[in-house]
Amino acid sequence: QVQLQESGGGLVQAGGSLRLSCAASGSYSSINNMGWYRQVPGKQRELVATITTTGNIEYADSVKGRFTISGDYAKRRLYLQMNGLSPEDSATYYCNWNVVLLGSRTLDAWGQGTLVLVSS
């Protein structure tokens, strides 16, 4: 029922910046939390940043001070501002929304991912 679509990825030089966006569509009754994850070939998907409905934000240690997560619940948008990028940040970035559907069932929705490549 809920679909997510990421955008904003691309190729950037080391030290550069990118702003990722996530747009949600479909029906749900409430949002539990939202977040960004990333994955490289051969490795597990890892958490980058999360934000709860109460405003609690958590970042992976590797991105603290460089990445900023923000969103607009009313407009169904989630953002990730990435500054000071390095080749270690190269990955496919996925948007995640944990929502409660109209039937009170919890759904973990994922986007298709957007590729970020950082050149050295």
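The values are calculated or read from the model by the stated rules, or taken from the named source; none is laboratory data. Remember, it's a predicted structure, so these values are computed and weren't measured experimentally. Cβ atoms come from the backbone with ideal geometry, glycine included; neighbour counts cover every protein chain shown. For the accessible areas, the whole protein counts, side chains as well, though only heavy atoms, and no ligand, DNA or RNA atoms are used. Shrake-Rupley method; radii C 1.70, N 1.55, O 1.52, S 1.80 Å.
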How many nm is it between the label spots at residue 119 and residue 98, if each spot is 7 Å from the Cα in line with the beta carbon?
3.9
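With a cut-off of at most 15 other beta carbons within 10 Å, and DSSP calling the residue loop, which trypsin sites (Lys or Arg not before Pro) in the range 53-120 qualify? Please list them.
Working: sites: 64, 66, 75, 76, 77, 105; in loops: 64, 66, 75, 76, 105.
Listed in order of number, the matching sites are 64, 66, 75, 105.
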Cut-off 19 Å, label point 7 angstrom out along Cα-to-Cβ of residue 46: give me the residues of the range 84-111 whose amide nitrogen falls inside.
84-96
All-pairs alpha carbon distance profile, the range 80-120, 10 Å steps from 0, percent
25, 36, 22, 13, 3
Distance in nm between pseudo-label sites at residue 7 and residue 74 (7 Å out along the Cβ direction from Cα)
2.2
Would you look at the GNM of the chain, springs on alpha carbons closer than 10 Å, and say which of 104, 70, 17 moves the most?
104
Pairs of alpha carbons in the chain whose separation is greater than 22 Å (percent):
30
Measuring with a 1.4 Å probe in the full set of protein chains, what accessible area per residue, in whole Å², belongs to the chain?
53
